[in-house]
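Please treat every number below as a calculation from the coordinates, not as lab data. Keep in mind that this is a model prediction, so the values were computed, not measured. Note: ideal-geometry Cβ built from the backbone for every residue, glycine included; neighbour counts use all protein chains shown.
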Amino acid sequence: MSDVFLTGASGFLGGHLLRELAAAGHRVRALSRRPRTDAAIAALGGTPVRASLADAHQLQRAMEGCEAVFHAAADTSLWRPGAAAQLATNVGGTIQLLRAAERARVRAFMHTSSVSAYSHLVRGTMTETTPQRGGESWITYERSKYLGEQAVRDSALPWIVFNPSHILGPGDRNNWSRLIRLVDAQKLPGIPPGIGAFADVREIARAQVRAWQRSCFGEAYLLGGEQASFVDFVHRVGTALGRRTPRGATPAWLLMGYARVLDALSRLSRREPDVTPEGAALTSHRLQVDSGKAKRELDYLETPLDILLADTLAWMRTEGMLR
């Protein structure tokens, strides 16, 4: 079995990647920036190592002897004041990691990008041949994911890129679980008018490990899931939890206006609001993703949304995250 270097192990997808890699018998060195994440990484079968994404020399020392790098760390903020830090992590950090991997003579680089590299500017169903428009986006997160992915594609290393859609599943503490908790507390002010593609975090992790095992280098894979409007999604959550929910969607113009007011107030409080203009734009988008290539080449599975949601809610209950 191989030594593998993993970033983002303390996060949602990264934790599942660590489980999959350890279960396959690989020795995983997981980037850990602080002592409080060390125990969680060790519990999943990884070895925590210290390094900064801003320092290629530290990263090189941490990954010496590793055969592969799985890069899942990312700044997912949708708040404009965090733009500089986000670019430093998602673009600068990726570049430093690539430099370190080249110097350490790593033989494979697996990069978790996002459908956001294509951008909400894309209309219609996304496939791997759809031109990416993230570089044109006014949303820093989309631009940063596009630029980070381009750095990987331009690298001399053997690489594989993954573009997941809306990730859901057990272990979610900060993504869609935030919306679920608002429904549970009956504090959801409205429902965005967009459409999502809900992907199972467990299947995303399995697909990444399979892609490496099958040496699918130079390839990119869209990893989507069952499509549902956010109205449908929220209603399913409300039914499962026995909570009332708004009936219909908030018009996009009203959601954006509300987000701009909160954004202005956040500049005074210096706290990220629940809804930002960037978030309003993304959740008003009608996302459509074709996972056909991943299904054919990686045996990728799209878990039915009802099953995926039930698993997510069951995990949240065990964690005391729901009333």
Self-check item: Residue-averaged [θ]222 nm for the chain, counting only DSSP H segments that reach four residues, each worth -39500 (n - 2.57)
Solution: -13000 deg cm²/dmol
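I'd like the Kirkwood hydrodynamic radius of region 31-164, using the inverse of the mean 1/r over distinct C-alpha pairs, in Å.
Numbers: mean 1/r = 0.0641 Å⁻¹.
By the Kirkwood definition, the hydrodynamic radius is 15.6 Å.
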Quiz item: Out of residues 5 or more away from R286 or on other chains, whose amide H comes under 5 Å of its own, with H placed 1.01 Å from N in the peptide plane?
Solution: I195
Practice problem: Would you calculate the separation in nanometres between label points at R286 and I307, each defined as 7 Å from the Cα along the Cα-to-beta-carbon direction? | Solution: 2.8 nm
Quiz prompt | Efficiency of FRET between A23 and A264 - r from beta-carbon atoms, R0 45 angstrom, step 0.05 | solution = 0.40
Exercise. Taking the Cβ of each residue in Y258, Y141, Y221 as the centre, tally the other Cβ atoms inside 10 Å and list the residues starting with the fewest.
Key: Y258, Y221, Y141
Quiz item: Among R181, R143, R270, which one shows the biggest mean-square fluctuation in a GNM of the chain, springs joining Cα atoms closer than 10 Å?
Solution: R270
Quiz item: Can you list the residues, at least 5 places off or on another chain, whose amide H is less than 5 Å from the amide H of H166, using H built in the peptide plane?
Solution: A197, A199
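Translational diffusion coefficient, Stokes-Einstein: compute it for region 1-75 using the Kirkwood radius over C-alpha pairs as Rh, at 20 °C and 1.002 mPa s, and state it as an integer in µm² s⁻¹.
Working: Rh = 11.9 Å.
Estimated via Stokes-Einstein, D reaches 180 µm²/s.
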Self-check item: Per-residue HN-Hα couplings for region 73-88 [Karplus 6.51, -1.76, 1.60; θ = phi - 60°; Hz; x = Gly/Pro]
Solution: 6, 6, 9, 9, 4, 10, 10, 4, x, x, 4, 5, 5, 5, 4, 4
Quiz item: List the aspartates and glutamates whose alpha-carbon lies under 19 Å from that of K293, not counting same-chain residues fewer than 8 positions away?
Solution: E128, E149, D200, E203, E219, E226, E302
Quiz item: How large are Rg and Dmax for region 113-188 when only the alpha carbon atoms are used, in Å?
Solution: 15.3, 51
Quiz item: Roughly what angle does helix 201-213 make with the longest principal axis of the chain, taking Cα atoms, 0 to 90 degrees, to the nearest 10?
Solution: 20 degrees
Quiz item: Roughly speaking, what % of Cα-Cα pairs in the chain are separated by over 37 Å, rounded to a whole number?
Solution: 13 percent
Quiz prompt | Tilt relative to the chain, helix 94-103 - C-alpha long axis, 0 to 90 degrees, to 10 | solution = 10 degrees
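Subtracting the Cα-Cα distance from 0.36 nm times the residue separation, let me have the gained length for L254 to W138 in nm, one decimal. Display every interim value, and only then the final one.
Details: separation 116, 0.36 × 116 = 41.76 nm, distance 1.95 nm.
Working it through step by step, the gained length comes to 39.8 nm.
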Practice problem: Give the calculated FRET efficiency between S52 and R244 to the nearest 0.05, with a Förster radius of 41 Å applied to their Cβ-Cβ distance. | Solution: 0.30
Exercise. Please list, or write none, the aspartates and glutamates whose alpha carbon is within less than 15 Å of the alpha carbon of K187, excluding same-chain residues fewer than 8 places away.
Key: D274
Quiz item: Angle between the Cα long axis of helix 230-241 and the longest principal axis of the chain, 0 to 90 degrees, nearest 10?
Solution: 90 degrees
Exercise. Could you please rank L298, L254, L18, placing first whichever residue has the fewest other Cβ atoms within 10 Å of its Cβ?
Key: L254, L298, L18
Quiz item: Using the Cα gyration tensor of region 77-135, with a ≥ b ≥ c the square roots of its eigenvalues, what is the shape: rounded (a/c below 1.5), prolate (a/b larger than b/c) or oblate (neither)?
Solution: oblate
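Please compute the Kirkwood hydrodynamic radius of region 94-240 from all pairs of different C-alpha atoms, in Å with one decimal. Don't jump to the answer; show the numbers that get you there.
On the way: mean 1/r = 0.0594 Å⁻¹.
It is 16.8 Å.
From the convex hull of the Cα coordinates of region 169-217, what is the mean projected area in square nanometres?
Numbers: hull surface 19.4 nm².
Over every viewing direction, the Cα hull of region 169-217 projects on average to 4.8 nm².
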Exercise. Give, as ranges by residue number, the residues of region 279-298 whose backbone N falls under 14 Å from the point 7 Å along Cα→Cβ of S229.
Key: 284-287
Quiz item: Which value in nm describes the separation of the simple spin-label points at R103 and T129, placed 7 Å from the Cα toward the beta carbon?
Solution: 4.1 nm
